[in-house]
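Q: Just passing along the structure, written as structure tokens.
The values are calculated or read from the model by the stated rules, or taken from the named source; none is laboratory data. As the structure is a prediction and not an experimental result, all values here were calculated from the model. All Cβ positions, even for glycine, are placed from backbone atoms using ideal geometry, and neighbour counts span all protein chains on display. Side chains included, ligands, DNA and RNA excluded: accessible areas come from the protein's heavy atoms. Shrake-Rupley method; radii C 1.70, N 1.55, O 1.52, S 1.80 Å.
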There are 2 protein chains.
Amino acid sequence: MDTSVGPAFHSAGSRAESVESATTRDVSRRVTRVDRWLATRLQQRIRPSAVRLVLWDGQPAGAAPERAIGDLYIRDRATLLGLIVHPDLRFGEAYMAGRVEVRGRLDEIVEALTGLSRPRPSLRNRLAVALASRNTTRAGRRNVHRHYDLGNDFYASWLDPQLVYTCAYYPDPSTPLDAAQVAKLDLVCRKLQIKPGDRVIEAGCGWGALALHMAREYGAHVRAFNVSREQLTFARERAAREGLTGRVEFIDDDYRNVTGTCDVFVSVGMLEHVGLRQFHALSDVIGRTLKRDGGRGLLHFIGRDAPTPLNAWIRRRIFPGAYPPTLSEVATRVLAPAGMSILDVENLRLHYARTLEHWYERFAAARDQARASFSEEFARAWELYLAGSRAAFVTGWLQLFQVVFAPLESAPPTWVRAAIYKTEATG
Amino acid sequence: MDTSVGPAFHSAGSRAESVESATTRDVSRRVTRVDRWLATRLQQRIRPSAVRLVLWDGQPAGAAPERAIGDLYIRDRATLLGLIVHPDLRFGEAYMAGRVEVRGRLDEIVEALTGLSRPRPSLRNRLAVALASRNTTRAGRRNVHRHYDLGNDFYASWLDPQLVYTCAYYPDPSTPLDAAQVAKLDLVCRKLQIKPGDRVIEAGCGWGALALHMAREYGAHVRAFNVSREQLTFARERAAREGLTGRVEFIDDDYRNVTGTCDVFVSVGMLEHVGLRQFHALSDVIGRTLKRDGGRGLLHFIGRDAPTPLNAWIRRRIFPGAYPPTLSEVATRVLAPAGMSILDVENLRLHYARTLEHWYERFAAARDQARASFSEEFARAWELYLAGSRAAFVTGWLQLFQVVFAPLESAPPTWVRAAIYKTEATG
């Protein structure tokens, strides 16, 4: 019985305490016939994915795929059962605790494993969507704080220099991350045809890169809303340094409290944190702030083809309260009630996969820092979150929609799209 | 009491019998105080629209707008009541029968009048949507025959030479109609990235222009389905003349009977005739014919921002069984059940308004021919249908969506849109 988990098993660095204790605890556990039968079933479910299951006795779980891209090492019976009953949640929990280990590239293996729990509109999914968090103003602030206030240093260690934490846009797949993030900011401005003097409201502005780009490059006047203190501090310092304080105001408030009117309403990467039950509130905000004649807006969000809750582990560990909506949910609950026409939709899911590939690589390079500041468990969680999200965009579990809209009374921002793309260098 | 309706009242040609008899019948009717009170209410509802109501005594209906763009002359009480109770249906019926006349440009006045019956998700609308025609195969064939088999000569008198009877695409607003139709065919091909040897299924091919363009310009093999005999005859003759019979097959069958598989599924201007209750059938067809790996498709259709039945008069006189769906209805009832991701949506409503402007002008020039072949009533109906449809697209009552989709397993046809637009000459 071989239970050794040598350095060949990837954990991108030395193993933390919790991992060691898991190893010690389970070392003497026998693999029963039931264990092996269950593992064989599991192996069959992931068969096409070319990942080989190995149990805690070091033996593969029956008919393994011929050309495996890697091994998934299961350390104990509880983990095996968890992977069978609720893989969405249990894989992440087990990986964090070091109760599953992978031999091979984590990102490739996670992509291959997506076959385990393909999202479908099951009763459980519909229930989970219906019971989703209400995301009150207070809960929203708490959720934001938990994720986005981990410290600017942490995000700076693996994001681009402007700290743009949303899907980038790659004019060519080989574009570097920082250029792709600038290209995204610019694409959003061109889709909206931002003009000097335009009054823009941005809901959920992150570290402020888009607001600053609109003001600096297009002469817009931006009021940008956010409830993350750390992000606002960074954004305000940057505005001051760039001499843009007269044109960009960073406001510490919830999107639901947005007042006044604007020519342009934009929100990049916030909608997936709003939650279905608050869509009416966002709809009200858009309806009451956006100018009817000549107004236009853009929502950029992670979405789905069919209503499905976010992966349970991601919801527990990474994004509490998050829900990636379908285009229909956004159209019927946010845009139509506000009297908005959908003018343009672009699905950039492969661009998000590429962005996450960049983030994953950069996170791996900065892993020791994350481990030192937080813990091994934290580092493993983030590693898996980035690899898993990339896999979801590659396989089409998740979509990335950019939706341009305008009030019925307004003409589209451009007569034809060619006007938006004529300045774009393509590969 | 002035009841004369002089030549200043526009009917784009001499008046037909039914119009004369209406005049004669109502000439002696008195305008009562109740009539005037009702007309004043109606005038108030259309006030912002700058159209002046004139009753059958020749007097305006109370406080008319100061700068009227035209007059709407109401010939009798029944028409007045009809316009109050059910303007959607009654305006068209009255116009056809010559019981309302307009002074000024019909297209401008119709656009102004759209304020009378703004579509909203009322109970009546929802009922009408729920009770919409089932559009069985047989009913579908009958509906198609009624509209599209009016004779190729009729359509040739006011469409472009290729007889493209769907929204054109104007690289520049000044592009002529025929060039704009070719630009539309080409845009569809570029969005789908048609390659030599691609097997294409086209559902509802009209007079065949798109199928022939895909085969001739892009080397595709096209099977194009249609149930209009007149259209098929025209399309087959054209294919033979252009030596494309080896690459384009025009098939006399309903879209529901499409068999085999394809790399590309395309349907331009058919979905609005399918009807909500048959969306599942279209979904099945797409799901079973489109190749999962590398497949892609496009639906081009007249749509809505919110579920609303088509104008009652248009349904009665022009398009029985038609229903312009919302993007959500198409996403949830056609695309999601077939396992398709939405990749790209473009709203071309102003391009349809421009197309209809061209059609309206050309129809006016060929009006005498339509009147001679059919009747004055027919000519008035078509005039109003073209003017009214243009108004609906200008004001945002109707949308024109082009939706590109692909199976989950397929990458989008292009990495970035710039690849689609780099060859497009812009104004």
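Q: Pairs please, first residue from region B:187-202 and in contact (Cβ under 8 Å) with a residue 12 or more places away in the chain, second anywhere and open to solvent by 30 Å² or more (accessible area, probe 1.4 Å) and not in a loop (DSSP other than H, G, I, E, B), Cβ atoms under 6 Å, 6+ apart in sequence or on different chains.
A: B:Cys189/B:Tyr218; B:Ile194/B:Tyr218; B:Arg199/B:His221; B:Ile201/B:Arg223
Q: Residues that are within 16 Å of B:Leu192 (Cβ to Cβ) and within 14 Å of chain A (Cβ to nearest Cβ): does region B:393-402 have at least one?
A: yes
Q: While we're on this one: Conditions: (1) on the phi > 0 side of the Ramachandran plot; (2) more than 14 Å from every other protein chain (Cβ to nearest Cβ); (3) surrounded by fewer than 23 Cβ atoms within 10 Å (Cβ to Cβ). A:Ile318 meets all but one. Number of the miss?
A: The one condition A:Ile318 does not meet is (1).
Q: Among the residues of region B:27-53, count how many are more than 21 Å from B:His86 (Cβ to Cβ), modelled with pLDDT of 85 or more and in contact with a strand residue (DSSP E or B) (Cβ under 9 Å, 6 or more places away or on another chain).
A: Adding up the residues that qualify gives 1.
Q: Right, another one. Can you name the residue in region B:151-163 that is free of Cβ contacts under 8 Å to residues at least 60 places away in the same chain and open to solvent by 10 Å² or more (accessible area, probe 1.4 Å) and, of all such residues, is nearest to B:Leu299 (Cα to Cα)?
A: Applying the filter and picking the extreme gives B:Gln162.
Q: Sort through B:Tyr421, B:Tyr385 and tell me the only one that's at the interface with chain A (Cβ under 8 Å from one of its Cβ atoms) and modelled with pLDDT of 90 or more.
A: Matching residue, one of B:Tyr421, B:Tyr385: B:Tyr421.
Q: Return the residues of region A:230-262 that are closer than 22 Å to A:Ile194 by Cα, open to solvent by less than 10 Å² (accessible area, probe 1.4 Å) and within 23 Å of the chain's Cα centre (by Cα); say none if nothing qualifies.
A: Listed by number, the list holds a single entry, A:Ala235.
So that you can scan it fast, the table gives a plain yes or no per residue for (1) among the basic types (Lys, Arg); (2) without any contact (Cβ under 8 Å) to a residue 40 or more places away in the chain:
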| site | (1), (2) |
| --- | --- |
| B:His280 | no, no |
| B:Arg296 | yes, no |
| B:Arg317 | yes, no |
| B:Thr332 | no, yes |
| B:Val345 | no, no |
| B:Tyr360 | no, no |
| B:Ala366 | no, no |
| B:Gln369 | no, no |
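Q: Looking at A:Asp35, A:Asp71, can you tell me which residue is surrounded by 19 or more Cβ atoms within 10 Å (Cβ to Cβ) and assigned to a strand (DSSP E or B)?
A: A:Asp71
Q: Still on this structure: Can you pull out the residues in region A:161-191 that are of a type in the set (S, T, N, Q) and within 14 Å of chain B (Cβ to nearest Cβ)?
A: Correct list: A:Ser174, A:Thr175.
Q: Which one of these does A:Leu350 not meet: (1) within 27 Å of A:Met96 (Cα to Cα); (2) open to solvent by less than 30 Å² (accessible area, probe 1.4 Å)?
A: Failed condition: (2).
Q: What's the number of the condition A:Phe319 fails, among (1) within 23 Å of B:Ser341 (Cβ to Cβ); (2) at pLDDT 95 or above?
A: (2)
Q: Quick check on my filter: what residues within region A:392-401 are open to solvent by 10 Å² or more (accessible area, probe 1.4 Å) and in contact with a strand residue (DSSP E or B) (Cβ under 6 Å, 6 or more places away or on another chain)?
A: The one that is open to solvent by 10 Å² or more (accessible area, probe 1.4 Å) and in contact with a strand residue (DSSP E or B) (Cβ under 6 Å, 6 or more places away or on another chain): A:Leu398.
Q: Can you name the residue in region A:404-418 that is facing chain B (nearest Cβ under 8 Å) and assigned to a loop (DSSP other than H, G, I, E, B) and, of all such residues, is nearest to A:Ser267 (Cα to Cα)?
A: Checking each candidate, the answer is A:Pro412.
Q: Here is a follow-up. All but one of (1) buried (at least 22 other Cβ atoms within 10 Å of the Cβ); (2) assigned to a helix (DSSP H, G or I); (3) not aliphatic (A, V, I, L, M) hold for A:Phe265; state the number of the condition that does not hold.
A: (2)
Q: Name every residue in region A:199-220 that is crowded, with 21+ Cβ neighbours inside 10 Å and not in a helix (DSSP H, G or I), in order of residue number.
A: Hits for region A:199-220 are A:Val200, A:Ile201, A:Glu202, A:Ala203, A:Gly204, A:Cys205, A:Gly206, A:Trp207, A:Gly208, A:Ala220.
Q: Among B:Tyr323, B:Tyr360, which is within 19 Å of B:Thr175 (Cβ to Cβ), buried (at least 18 other Cβ atoms within 10 Å of the Cβ) and within 16 Å of the chain's Cα centre (by Cα)?
A: B:Tyr360
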